[in-house]
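Accompanying notes for the structure given below.
The values are calculated or read from the model by the stated rules, or taken from the named source; none is laboratory data. Just so it is clear, the structure is predicted and the values come from calculations on it, not from any experiment. For neighbour counting, all protein chains shown are included, and Cβ atoms are generated from backbone atoms with ideal geometry for every residue, glycine included. Just the protein is used for accessible areas: all its heavy atoms, side chains included, with ligands, DNA and RNA removed. Shrake-Rupley method; radii C 1.70, N 1.55, O 1.52, S 1.80 Å.
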Amino acid sequence: MEQKGHHSPSYQALIKAGPRLKPLQQVQARLVVSGFGRSRSLLTKLLSLACAAGSIAYVRRLFFFIPNPDAFLFDTLIKQTSKFSFSIDSLLFYRRMILSKFSPSNYTFTAVIKSCADLSALKLGRVIHTHVFVRGYGLDVHVQAALVSFYAKSCNLSVARKLFDKMPEKTVVSWNSMISGYEQNGFAKEATGLFYLMRDLSVKPDSTTCVIVLSACAQLGAIGLGRWVHEYIVAQALDVNVVLGTSLINMYARCGQVGKAREVFDSMTEINVVAWTAMISGYGMHGYGTQAVELFHQMRVHGRRPNSVTFVAVLSACAHAGLVHEGRQIFKSMRQEYGLMPVVEHHVCMVDMFGRAGLLNEAYVFIKEVIRERPAPAVWTAMLGACKMHKNFDMGVEVAEHLLSVEPENPGHYVMLSNIYALAGRMDHVEMVRNIMIRKSLKKQVGYSTIEVDQRTYLFSMGDKSHPDTHEIFQYLDELMSRCREAGYVPESEWVMHEVEEEEREYALRYHSEKLAIAFGLLRSSHGMTIRIVKNLRMCEDCHSAIKFISVITNREIIVRDKLRFHHFKGGSCSCLDYW
DNA sequence: CTAGGGTTAG
């Protein structure tokens, strides 16, 4: 008679089969034949491996034939399905468990709440939250952490925070859930703020905390805090695995230090697709197209398959570096060699690439012939950008009008159309577009810039007077700009529309957020230090030209990351070579 | 017998 438990031959056979569908089915067949087909513990293990194998259909079939599933089997099933992102199945098994009169435990809840979080299923999650109360698990640390992250992922940050604040006992994971909630919703400042609080309360950050905080640093361009985290990792001898390594690469690249990013990349023992992609995109953002393409080809040498995201990264690198030939080849290889179907994001990269290079007709032909179905608005937006960059008035107006008919509520299209009219000197049309915007009460997206000084991030918006040293900053900026004018800087004609409101217009150009942030940075840092700015939108031409002059007269290197890429200003020129 | 939080693009 075969023994039971973890040493039984059947159990060993399952372990040996591992998370692979075919071998699992063979073991299952033998179980049935040998009479062990009804052993619940073996079936539980089999189900769990089937989930890991990614075959939800097999899991469903297996479950159907299990005569008496117990609570443990349900728990395992719900846990594994949620872990491998079969969120809906996980919820359905939860429902079955309740209907079968089993009591869900704290283990059940952690898993099922994660599924709700992954689906952003707010209503259902709330219902399950009431189940948690009814069953008396409201104070369980694990369940609470899951709930915090569920509410955060469902865009209910204030609810998440209330739960977090009320937690009687907070573990690192509780902190991580809340910090990550802020970070993933784009509230990087709140994320770092909570991290500082955690540090002040002497809660020891672990490697997950580091990953989350590094992402926040990447968002903010907070190199000081990012370096601190890196030093902490080294001091604590935390294991730099792929995930942590990738977040370091991402942080350094997005904070303007590609070289440091590459050092981390080279020091990593295991490199997966995500890490390769992060490094490629890092090069791309800085305009180092050749390095990006080279790395992309090295991936193949190392036997790693690029995924869809990798292609976005490398194609956008080609676009920003004018590598049309390489980009075209890589795009072709996407389907032919890797069997990946290009989607909107890739099309946008291609149109952007042709457009930047001045090949407007190629871009147009690409849209008409390569993209078969109705091209997405994002594709036309890229085309419009190219028309503006190369001052193609007729095509620009046509594209803009098309975009406005498809997305009449998108303020970005109006701003672009108006700028094109302004460039062509059609002031009557500029006014007209502006009036439409006012009538529809469409507001341009608010621009802001951040700068980090002494590991604290400061935020400036246009004409911002909220800073305590406002007077000093404005005075210094005025002085700086007059020195720029003496050196030959000519402010851009005021008619290009950046701001819709009349009062804002006067102010707009002189006090754009990046100029304020730079003035503040120059005041607060010692001579020779690089100034690093992050801007949420793209930089305007006037600021771009002004910063070139500022870099000369103050003899400083100024690095600006805008919505799309990096600009390294040094000695009067910019690394983007005026194409951005 | 199990748990909660983590990386890449635009």
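So what's the projected area for chain A, the Cα convex hull averaged over all directions, in nm²? Walk me through the numbers before you get to the answer.
Values: hull surface 125.6 nm².
Taking the Cα atoms of chain A, their convex hull projects to 31.4 nm² on average.
How large is the helix-only mean residue ellipticity at 222 nm for chain A, computed as the sum of -39500 (n - 2.57) over DSSP H runs with n ≥ 4, divided by its residue count, in deg cm²/dmol to the nearest 500? It would help to have the intermediate numbers written out before the result.
Values: 30 runs with 374 residues, N = 580.
Computed mean residue ellipticity for chain A: -20000 deg cm²/dmol.
Say each of A:Arg374 and A:Ser267 gets a label point 7 Å from the Cα, pointing the same way as Cα to Cβ; how far apart are those two points in nm?
The answer from the label model is 5.2 nm.
I'd like to know which of A:Met167, A:His320, A:Ser202 lies farthest towards the positive end of the charge dipole of chain A, counting +1 on Cβ of Lys and Arg and -1 on Cβ of Asp and Glu.
Going by the charge dipole, the pick is A:Met167.
Report the Cα centroid-to-centroid distance between region A:162-187 and region A:531-580 in angstrom, as an integer.
First find each Cα centre; the distance between them is then 36 Å.
Using only the alpha-carbon atoms of region A:448-574, report the extent along each of the three principal axes, biggest first, to the nearest angstrom.
Dimensions of region A:448-574 along the principal axes of its Cα atoms: 37, 31, 30 Å.
Would you mind computing Rg(Cα) / (2.2 N^0.38 Å) for region A:170-262, counting N as its residues? Could the numbers behind the result be given before it?
Values: Rg = 12.1 Å, N = 93, 2.2 N^0.38 = 12.3 Å.
Normalised Cα radius of gyration, region A:170-262: 0.98.
Treat every Asp and Glu Cβ in chain A as -1 and every Lys and Arg Cβ as +1, leave all other atoms uncharged, and give the resulting dipole magnitude about the Cα centre to the nearest 20 debye.
Numbers: 66 positive and 54 negative charges, 592 e Å.
So the dipole magnitude of chain A works out to roughly 2840 debye.
Which value, in Å², gives the accessible area per residue of region A:63-180 when a 1.4 Å probe is used on the protein heavy atoms?
Details: 5880 Å² over 118 residues.
Per-residue accessible area for region A:63-180 comes out at 50 Å².
So for region A:271-342, considering every pair of alpha-carbon atoms, how many percent are separated by more than 20 Å?
On the way: 430 of 2556 pairs.
Everything past 20 Å amounts to 17 percent.
Using θ = phi - 60° and the Karplus form 6.51 cos²θ - 1.76 cosθ + 1.60, what ³J(HN,Hα) does each residue of region A:360-375 get, whole Hz, x for Gly and Pro?
Here the 3J(HN,Hα) series is 4, 5, 4, 4, 5, 4, 4, 5, 6, 9, 7, 8, 7, 6, 4, x Hz.
With a length cut of 30 Å (Cα positions projected on each helix's long axis) and a Kyte-Doolittle mean of at least 0.0, go through chain A and give me the DSSP H helices that pass.
none
Show me the three semi-axes of the equivalent ellipsoid for region A:257-385, from the C-alpha gyration tensor (sqrt of 5 times each eigenvalue), largest first, rounded to whole Å. Let's see the in-between values first.
Details: eigenvalues 141, 50, 25 Å².
Three semi-axes, in Å: 27, 16, 11.
Using only Cα atoms, locate the centre of region A:446-476 and the centre of region A:370-404, then give the distance between them in Å, rounded to an integer.
Each part's Cα centre sits 35 Å from the other's.
For region A:170-262, which whole percent of the accessible surface, found with a 1.4 angstrom probe, sits on carbon and sulfur atoms?
Values: 1840 of 3500 Å².
Carbon-and-sulfur percentage of accessible area, whole number: 53.
Of A:Lys123/A:Lys162; A:Lys22/A:Lys79; A:Lys45/A:Lys123; A:Lys123/A:Lys166; A:Lys22/A:Lys114; A:Lys260/A:Lys548, which ones are farther than 27 Å apart at the Cα? Could the numbers behind the result be given before it?
Working: A:Lys123/A:Lys162 18 Å; A:Lys22/A:Lys79 23 Å; A:Lys45/A:Lys123 32 Å; A:Lys123/A:Lys166 22 Å; A:Lys22/A:Lys114 29 Å; A:Lys260/A:Lys548 25 Å.
Flagged as over cut-off: A:Lys45/A:Lys123; A:Lys22/A:Lys114.
Between Rg and the Kirkwood Rh of region A:402-471, both from Cα atoms, what is the Rg to Rh ratio? Each step should come with its number before you reach the end.
Numbers: Rg = 16.9 Å, Rh = 14.6 Å.
Radius of gyration relative to Kirkwood radius: 1.16.
Quick one: check the C-alpha center-to-center distance for region A:106-159 versus region A:254-285, whole angstrom.
35
Just order A:533-544, A:125-136 by mean Cβ neighbour count inside 10 Å, highest at the front, would you?
For the peptides A:533-544, A:125-136, the packing ranking is A:533-544, A:125-136.
Below 8 Å between Cα atoms, with a sequence gap of 6+, how large is the relative contact order for chain A in percent?
Working: 832 pairs, mean separation 39.4, N = 580.
Relative contact order comes out at 7 percent.
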